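Have a look at the structure below before the remarks.
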Amino acid sequence: MRGAPLPSCFWDSPENVERFAAREPDVRLAELIREYEAPSAVRILDLGCAAGRNTVLLAQKGFDFEAVDSSPAMVAKTRDRLAPLVGAAEAARRVRVGRMDDLGWAAEERFQLVVALGVYHCAQSRAEWVRALTESARVLARGGKLLVSVFTPETDLTGRGITAVPGEPNLYEGFESGRSVLVDAPTLDAEMARHRLIPVEPTRIARPKVEVGRRVSANGLYTKSPFPPPSRPALPRADVVHEPGGK
Ligand SMILES: C[S@@+](CC[C@H](N)C(=O)[O-])C[C@H]1O[C@@H](n2cnc3c(N)ncnc32)[C@H](O)[C@@H]1O
C-alpha cells in the first residue's frame, strides 16, 4: 500500500548506518559523472542514499543534488556528512526521508541523472517495485540517465537460501532487511523498457567474491527516450457496429 510504513528498523540500526558510511563511493557513478562539464547545472537524485557515500561525492563535485531514503537514521547520517560541505540547512533541504515509490515532492523531468543503486530490490512487493520505477521515470528528464544496480535471484546474502513468494512474480524472502524483488539482467532491461528507459550499454552481472552466501547484481545504465511512446492506431471497438457508408 502506498505510504505504508516500511520495515526500516534493519536500515536504522547503528551497525548498518556505520557499515554503509564506511563504503567508498560507487565506481561506476564516479566514472559517469566525469562526463558532465557543468556540474552545478546538473540536477541529480540519489535514490536510497543510505549513509551518503554517493551523495557526498556529488556534493564534493559541485552537482545540484538531492537525496532520499526511507530510513531516518541513514538520512541523519547523510545530512551530518554533508553539513561541512554545504551547510546544515542546505543539507537538511536537499536530503529527505521518503519512499522511492512516492516522489511526489519532485516535479516531472526534474533530474538529469537518477542514481538508484541497491534500492529497487528493497521493494516489499511487486506493486511497490512498479510504482518505484514509474516514479523514477517520471522525475527523469528526457535524454537523462538512470544508473541502476539490483540484486538478481542468484543472490543469497546469508547463505541460508531464499524462497520465492507464491503468486508474486520476482518477490523473494530470506533477506534480513525483509522481502526483496529480484530480477536478472534481461528482466531488468524489459522492466525498464516499459518506462521508455533504454540501455545505454549492456546491462552487466557482477559476482564479487564474498565470505558468506552469494551477492549477484545486475548493473545497468539507461536513458529516457526523448520521444513520446508511439501512439497506437485506434482499434475499432468490438461493440460498435460499422455499417457500410454508415455514420
Ligand atoms: C543497500 S542500501 C543502498 C545503498 C546506497 N544507494 C549506496 O549505494 O550506498 C538500501 C537503502 O535503501 C533504503 N530503502 C529501503 N527501502 C526503501 C524505499 N522503499 N524507499 C526509499 N529508500 C529505501 C534503505 O534505508 C537503505 O538505506
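Here, each number is a calculation from the coordinates, and none is a lab measurement. Keep in mind that what you see is a predicted model, and the values were worked out from it rather than measured. For neighbour counting, all protein chains shown are included, and Cβ atoms are generated from backbone atoms with ideal geometry for every residue, glycine included.
Using 10 Å bins from zero, what percent of all Cα-Cα pairs in the range 100-188 falls into each bin?
Computed distribution, short to long bins: 17, 46, 27, 10, 0.
How high is the FRET efficiency from A38 to R126, r the C-beta distance, R0 35 Å, rounded to 0.05?
0.35
Which aspartates and glutamates, if any, have their Cα less than 20 Å from the Cα of K77, not counting same-chain residues under 8 positions apart?
The qualifying aspartates and glutamates are D12, E15, E18, E24, D26, D46, D64, E66, D69, E90.
Rg and Dmax of the range 23-163, Cα atoms, in Å?
15.0, 47
In Å, what Kirkwood hydrodynamic radius results for the chain from the alpha-carbon pair distances?
19.2 Å
For the range 110-180, which trypsin sites (Lys or Arg not before Pro) are both in a DSSP coil and crowded by at most 13 other Cβ atoms within 10 Å?
Taking the range 110-180 and a limit of 13 other Cβ atoms within 10 Å, the loop trypsin sites (Lys or Arg not before Pro) found are R160.
Hey, if you drop one equal point scatterer on each alpha-carbon of the range 1-84 and run the Debye formula without solvent, what base-10 log of I(q)/I(0) do you get at q = 0.11, 0.12, 0.15, 0.16 Å⁻¹?
Debye intensities relative to I(0), on a log10 scale: -0.31, -0.37, -0.56, -0.63.
Give the order of V86, V114, V212 when sorted by the count of other beta carbons within 10 angstrom, beginning with the fewest.
Final ranking by Cβ density, sparse to dense: V212, V86, V114.
Would you please name the GluC sites (Glu not before Pro) within the range 30-70 that are DSSP coil residues with at most 14 other C-beta atoms within 10 Å of their C-beta?
Counting only loop positions with at most 14 other Cβ atoms within 10 Å, the GluC sites (Glu not before Pro) in the range 30-70 are E37.
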